[in-house]
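Just below is one structure, and these are the notes that go with it.
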Amino acid sequence: MTDLTLIPGTGAALPARPYHARHLIGGVWQDSADGAVTERASPAHKVTVSTAARGGLAETDAAVAAAHAAFRDTDWATGPGKARATVLLKAADLMDARIEELALMETLESGKPISQARAEMAGASDLWRYAASLARTVHGDSHNSLGSDMLGLILKEPVGVVSVICPWNFPFLIVSQKLPFALAAGCTAVVKPSELTPSTTTMLGEILIEAGLPAGVVNIVHGYGDPVGARLSTHPEVDMVTFTGSTAVGKRIVEAAAGTLKKVSLELGGKNPQVVFPDADLDEAADAIVFGIYFNAGECCNSGSRIIVHADIAEALTERVVALSRKVPFGDPLHPDTKVGAIISPEHQAKIDGYVKAAQASGARVALGGETLRLDGLPGEFYTPTVIAGVTPDMPIAQDEVFGPVLSVLTFRTLDEAVSLANSASYGLSAGVWSADVSTCLAFARQVEAGTVWTNTWMDGYAEMPFGGMKESGQGRELGRYGLEEFLEVKSVLMRIGKTRSRWV
Ligand code: NAD
């Protein structure tokens, strides 16, 4: 493994004392009534970096009650968009001012590289600013063509109390894809971060209070999916659940929310293909493939975990990808050059390795990696950049979300075959196509079942562009104007002008 680019432990000083994340309920920071806590150790360094209050039903119910009261009794929902935008803009400025602190905590809890964490924080504050612009420009519609005695108004109103349930892989970015849009719409919220990454969401609570958000508009409850997330999906005073996480839990939330017919929006897993045609710029494609699979150690819903390569170039492209993979600096997340950090937990590392070993046993070839690795000065979990060639569509590694730095290589001969392979997974989050021919790109983009399609690029994203999945990758959209619409109800108002209504009796 010496031919990989390894970054051993930097020996950088870790925070002297763990950060303590408390619940935020009705504007008051508090621990759980029973004093229960969870502890989080840095996956790379195995040192406790945070503790968090572990909430139960009592804390969850109190938080929902606070959000309900704030929705009903304050003018957050009904006041001018300008007031909401002012808070969101101030919050974005405060995030920028705390970017180093946020990025460090995100890195310590999740294992992601510090330089990437900094970029995510900057991306997050941009989302708060974009949502602020929507708060001032959101509007309904009118129908002036229903006759001179009728005016139709379409009003957009906030949905109400929203449960915001988030995963561990992009804790601050994902809450920022949801919460500012919900707030811009005039909703109030209860946020549940992952039990593995509680701290930056708590810091966000501190920021929102400093930005002037009224008490109770945003509440935060820490704890496990069951009971906190489960209660947030069934509570009768919750009007909507916005969830990002695994497809398995997403399905459970839909079932749980059915009892009260809550609106549910879901951002779930992916098994995202990049299709490469022989006329593509193969240097660009190889770089994007390496980025697509190793970004966030593959623990990314948008991970480009399958490449579907034209058979004529498959061997050459695989060699190129393997050579480039060896150059990707991976190791201590606190080193500024590191591009691939630690895996979130030993259990997850074992799951990743299980997929690799099963593929090998079914006849696939490990062209690179396929190993857990110990790095000098770092006791934590690391999985080598891994490329598996000769994968066939029936193998679990071609169908399931591995959520690790493991690339599967499949081959095709015709566009139809490439589309059929791309669409063969149950997921439909994102897809990419590489070709110099714009007609090929467009034909693929039109036929592939995915919420986002990249042509000759991978994983570009903008606050303006909606994001979400088809099939088992989710329902609803985040970002863009659609991201705001998710948090709005539509009300039709029909106004008769004068006494022109014909009597029924
Ligand atoms: P997860 O589904 O295990 O947990 C997500 C959140 O749900 C956590 O806060 C967890 O505590 C909570 N939860 C668990 N059980 C629950 C229940 N019964 N009811 C309510 N809440 C419950 O996911 P994870 O392991 O934290 O994150 C990884 C997954 O997230 C991957 O599948 C990944 O693809 C997906 N993801 C999707 C996107 C996207 O935008 N599509 C983005 C990032 C991550």
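Quick note: the coordinates plus some simple rules give every number you see, no bench work behind them. Note that the coordinates shown come from a computational prediction; the quantities given were computed from them, not determined experimentally. Don't worry about glycine lacking a Cβ; one is built from the backbone with ideal geometry, like all the others, and counts go over all protein chains shown.
Structural remarks
- In plain terms, if you count all Cα to Cα distances in region 273-455 and split them into 10 Å steps from zero, the share in each step is 10, 40, 35, 13, 2, 0 percent.
- With at most 15 other Cβ atoms within 10 Å, longest stretch of the chain clear of loop trypsin sites (Lys or Arg not before Pro) (DSSP): 47-326
- Under 5 Å between amide hydrogens, built in the peptide plane, is the criterion, and for VAL309 it picks out VAL276, LEU410, THR411, PHE412 among residues at least 5 positions away or on other chains.
- Counted residue by residue at 0.36 nm each, then reduced by the alpha carbon distance between them, the extension gain from ALA323 to ALA350 reaches 7.2 nm.
- Put simply, the amide H of SER265, placed in the peptide plane, has neighbours under 5 Å in VAL241, THR242, PHE243, leaving out anything fewer than 5 places away on its chain.
- Between 0 and 90 degrees, the angle of helix 99-110 with respect to the longest Cα principal axis of the chain falls at about 60 degrees.
- Angle of helix 171-185 to the longest C-alpha principal axis of the chain, folded into 0 to 90 degrees and rounded to 10: 20°.
- Averaging 1/r over each pair of different alpha-carbon atoms in the chain and inverting the result gives 23.8 Å, the Kirkwood hydrodynamic radius.
- Considering only Cα atoms, the convex hull volume of region 94-198 works out to 108 Å³ per residue.
- Peptides 423-433, 283-293 ranked from most to least packed, by the mean per-residue count of other Cβ atoms within 10 Å: 423-433, 283-293.
- Mean-position separation - Cα centroids, region 128-173 and region 353-390, in angstrom: 46
- Virtual paramagnetic centre 7 Å along Cα→Cβ of VAL490, amide N under 13 Å, in region 156-183: 156-157
- Residue (of GLY476, THR201, GLY11) at the positive-pole extreme of the chain, dipole from beta-carbon charges: GLY476
- Working from label points 7 Å from Cα in the Cα-to-Cβ sense, the ASP61 to GLU157 distance is 2.8 nm.
- Database remark: amide H of ALA367 closer than 5 angstrom to the amide H of VAL387, ILE388, ALA389 (H placed geometrically; neighbours at sequence offset of 5 or more, or on other chains; Pro and chain starts carry no H).
- Stretching LYS499 away from THR455 to a fully extended chain increases their span by 10.0 nm, per 0.36 nm per residue minus the current alpha-carbon distance.
- Degrees between helix 438-447 axis and first principal axis of the chain (Cα, 0 to 90, nearest 10): 60
- Placing R0 at 41 angstrom, the Cβ-Cβ distance between SER142 and GLU371 gives a FRET efficiency of 0.05 after rounding to 0.05.
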